[in-house]
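See structure below.
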Amino acid sequence: MYKLFVKPLLFAMQPEKAHYFATKCLTIISIIPGGTWLMRTLYEVKNKKLERNLFGLTFKNPVGLAAGFDKDARWFNELANLGFGFIEIGTLTPKAQVGNPKPRLFRITEDEGLINRMGFNNLGAEDAINRLKNRKTNIIIGGNIGKNTATPNEQALDDYLFNFNTLHDYVDYFVVNVSCPNVKDLTKLQDTPFLLNLLGELKKINQTKTKPKPILLKIAPDLNNSQLDEVIEIVAQTKIDGIIATNTTTSRENLKTSAAEIEAIANGGLSGKALKKRSTEVIRYLAEKSNKAFPIIGVGGIHSAEDAIEKIEAGADLVQIYTGFIYEGPSLIKAINKKILENDKTN
């Protein structure tokens, strides 16, 4: 139904408008009597064998929604009805910011991908709390945190610490985002000295809390093996809880879309099928080189159940979808969970 009726309607709209139209429809369906039941019946797969226990949390299934879709924690209650095992909100910053000028989100349909330069548009961490306080679901919620664009890198630490303290009581785990290519100079924060300091400070604060929360680091797919070795060492030194691999890429290699169209879109982070191979390579490298020393959440180019299994076999403990969710619809969540169960029976 999604591909026959819903997707053509959404893809006839400008991508950002389509996003808000789709989420509004999701909200309306959830309000209609029987709507929540219908969505759960269509998309939810319940089975104890899908449960995953990682960093002190029990995920009802290993398929999550990546950050960026529900930036301001507006729709997590409704999205939970589509069968996700966890939902990541954000990226959130201390102060509200409008992000980059529009248009800033582009479909490249030949490659089943997206290019975005959203620029951390969000209403701020404190605003999200108003909705997180009224959780109607017990789904695990991650908080993806970043810095304001106007904050110089020399003061970035303060932004991350503010977000961490502000959201600590309202999310189940944290993701430190220093790898988004759409915020000026942000990726410079992937340097080892800054990360050691930042993650060390977050760990210190975390240990003062009544209920410490897991801390994960989200990395770019564009890191080379030497840089990935540094990531492994950073995890070992700071003892954070895991890695999310990967964010969007600045690469434009091996695209079917014409060079002229890509050039017209200009800069931004690429997601979708073109990212699948590289994100899997990063996952496999981290898992093998570290001897699976820490959990990995795999994300990037998952458009089918087989793509998700590929990530898991490479070393991912959980997976997240975003662009595949937009192109394939919510049935993708069910398909992945069913495939995981099928593989469990054959092993």
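The values are calculated or read from the model by the stated rules, or taken from the named source; none is laboratory data. Note that the structure is predicted; figures quoted are calculated from it, not measured. In this analysis, Cβ positions are derived from the backbone assuming ideal geometry, glycine residues included, and neighbour counts consider all displayed protein chains.
Summary table below
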{"read-out": "Test for I234: is it part of a loop (DSSP other than H, G, I, E, B), in contact (Cβ under 8 Å) with a residue 24 or more places away in the chain and under 17 Å from A293 (Cα atoms)", "value": "no"}
{"read-out": "Qualifying residues in the range 214-251 (those that are charged (D, E, K, R) and within 21 Å of the chain's Cα centre (by Cα)) - the one farthest from G300 (Cα to Cα)", "value": "D241"}
{"read-out": "Test: residue in the range 203-220 that is in contact with a Pro (Cβ under 8 Å, 6 or more places away or on another chain) and assigned to a helix (DSSP H, G or I)", "value": "yes"}
{"read-out": "Pair list, Cβ < 9 Å and 6+ apart or interchain, from the range 166-185 residues that are free of Cβ contacts under 8 Å to residues at least 24 places away in the same chain to residues that are surrounded by fewer than 23 Cβ atoms within 10 Å (Cβ to Cβ)", "value": "D169/I129; D169/L132; D169/K209; D169/K211"}
{"read-out": "Checklist (1) closer than 13 Å to L286 by Cβ; (2) surrounded by 17 or more Cβ atoms within 10 Å (Cβ to Cβ); (3) not charged (D, E, K, R) applied to N225, failing item", "value": "(2)"}
{"read-out": "Wholly within the range 80-199, strands (runs of 3 or more DSSP E) carrying at least 2 residues that are within 17 Å of the chain's Cα centre (by Cα)", "value": "86-92, 113-116, 140-145, 173-177"}
{"read-out": "Residues of the range 39-56 that turn out to be loosely packed, with under 13 Cβ neighbours inside 10 Å and among the basic types (K, R), as a count", "value": "3"}
{"read-out": "Residue among E233, E261, E253 that is over 22 Å from E88 (Cα atoms), at pLDDT below 95, touching a helix residue (DSSP H, G or I) at 6+ places or on another chain (Cβ under 9 Å) and loosely packed, with under 14 Cβ neighbours inside 10 Å", "value": "E253"}
{"read-out": "Pick from the range 280-320, criterion of a type in the set (A, V, I, L, M) and surrounded by fewer than 19 Cβ atoms within 10 Å (Cβ to Cβ), ranking: nearest to I232 (Cα to Cα)", "value": "A293"}
{"read-out": "Helices (runs of 4 or more DSSP H) within the range 1-65 that include 3 or more residues closer than 19 Å to R107 by Cβ", "value": "7-11, 15-31"}
{"read-out": "Failed item, numbered, when H19 is tested on (1) surrounded by fewer than 20 Cβ atoms within 10 Å (Cβ to Cβ); (2) in contact (Cβ under 8 Å) with a residue 24 or more places away in the chain; (3) closer than 27 Å to T250 by Cβ; (4) over 17 Å from the mean Cα position of the chain (by Cα)", "value": "(4)"}
{"read-out": "Evaluation of M39 against (1) hydrophobic (A, V, I, L, M, F, W, C); (2) farther than 18 Å from E328 by Cα; (3) touching a Ser or Thr at 6+ places or on another chain (Cβ under 8 Å) (one fails), failing number", "value": "(2)"}
